[in-house]
Amino acid sequence: MLRGLYHFGSYLMLMRRSFWMSEKWSVYWHATLREIVSMGIGSIVIVLITSIFVGAVTTIQTAYQLEIGFFPRSIIGTVVSASALLEMAPSITALVLAGKIGSNIAGQIGTMRVTEQIDALEVMGVNSASFLIMPKILASLVAFPCLVIIAAFVMHLGGILAGELTGELNFAQFTSGARQYHDPFYVTFMMIKAVAFGFIIASISSYQGYNVEGGAIEVGEASTRAVVMSCIVLLVSDYLLAGILL
């Protein structure tokens, strides 16, 4: 319990340091743009592959569950669309990116810590926390929502393709169901979750990497902890956001 409180306090103090700029804004601006490209472009393939199959599987399973009953086939489109926007696109994408981006952030910063590059920045009078962490957090607040939007679109596309290929429903039925009960707040809720999840992954992974002590083995362990802790906090945050906003 006390150890958990210690790490939580250390995390809050590190986040406070991370948003105190010691360099010109242009330095952070260029670093943030590089991180956006790295996170966004570097993750687009895994997001596309994951999303299209999630949408397809959700369509097939929903169709199977609705085989018994007098439900119109367009209801499948309603369920798939609502599921994609409310849960699948932000949550599944975040869990996938926690493994890819989170471990990468922890590994990068952890390697800089054990090779004393962070100590060198501190000696030169640079706020290493803001120099290394803030661009990653700002980039995640931009890249994650963009990736989640792409994921939601591809999940719909995967659902349509699965419906056409299996003969369960056609394009017109899917889109009719998706539009009939669509609530604009679904998109708002999805974007709120995307921003929150992006901050969680980037900040927790940065904390784990920044506080590494030891060598290469400890860097690997920090990367693992970053993924595990990010996933746990993501799931708890998912529940809290749903309970508060829905």
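The values are calculated or read from the model by the stated rules, or taken from the named source; none is laboratory data. Only a predicted model underlies this, so the values are computations on that prediction, with no experimental measurement involved. Ideal geometry is used to build each Cβ from the backbone, glycine not excepted, and the neighbour counts take in all protein chains shown.
What the table below lists for this structure:
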{"item": "Among (1) closer than 17 Å to Leu95 by Cβ; (2) among the hydrophobic types (A, V, I, L, M, F, W, C); (3) more than 21 Å from the chain's Cα centre (by Cα) - the single one Leu66 does not satisfy", "result": "(1)"}
{"item": "Scan of region 18-37 for residues that are surrounded by fewer than 16 Cβ atoms within 10 Å (Cβ to Cβ) and either modelled with pLDDT under 90 or touching a Leu at 6+ places or on another chain (Cβ under 9 Å) (or both), ordered by number", "result": "Phe19, Trp20, Met21, Ser22, Glu23, Lys24, Trp25, Ser26, Val27, Trp29, His30"}
{"item": "Selection within region 155-165 - closer than 11 Å to Leu85 by Cα and of a type in the set (A, V, I, L, M)", "result": "Met155"}
{"item": "Residue in region 162-176 that is in contact with a Leu (Cβ under 8 Å, 6 or more places away or on another chain), farther than 30 Å from Asp119 by Cα and touching a residue at least 60 places away in the same chain (Cβ under 8 Å) present", "result": "yes"}
{"item": "Residue identified as among the β-branched types (Val, Ile, Thr) and surrounded by 24 or more Cβ atoms within 10 Å (Cβ to Cβ) among Ile109, Ile137, Ile92, Ile118", "result": "Ile109"}
{"item": "Scope region 117-131; condition more than 27 Å from Ile192 (Cβ to Cβ) and either touching a helix residue (DSSP H, G or I) at 6+ places or on another chain (Cβ under 7 Å) or modelled with pLDDT under 85 (or both); matching residues", "result": "Ile118, Asp119, Leu121, Glu122, Val123, Met124, Gly125, Val126, Asn127, Ser128, Phe131"}
{"item": "Enumeration of residues in region 175-202 that are closer than 18 Å to Ile137 by Cα and either buried (at least 22 other Cβ atoms within 10 Å of the Cβ) or of a type in the set (Phe, Trp, Tyr) (or both)", "result": "Lys193, Ala194, Phe197, Gly198, Phe199, Ile200, Ile201, Ala202"}
{"item": "Residue list for region 169-194, filter: within 21 Å of Glu67 (Cβ to Cβ) and assigned to a loop (DSSP other than H, G, I, E, B)", "result": "Leu169, Asn170, Tyr181"}
{"item": "Scope region 154-168; condition of a type in the set (Gly, Ala, Ser) and not in a helix (DSSP H, G or I); matching residues", "result": "Gly167"}
{"item": "Output for region 84-110, where each listed residue is closer than 30 Å to Ile217 by Cβ and of a type in the set (Ser, Thr, Tyr)", "result": "Ser103"}
{"item": "Of all residues in region 213-246 being under 18 Å from Pro90 (Cα atoms) and among the small types (Gly, Ala, Ser), the one that is surrounded by the most Cβ atoms within 10 Å (Cβ to Cβ)", "result": "Ser230"}
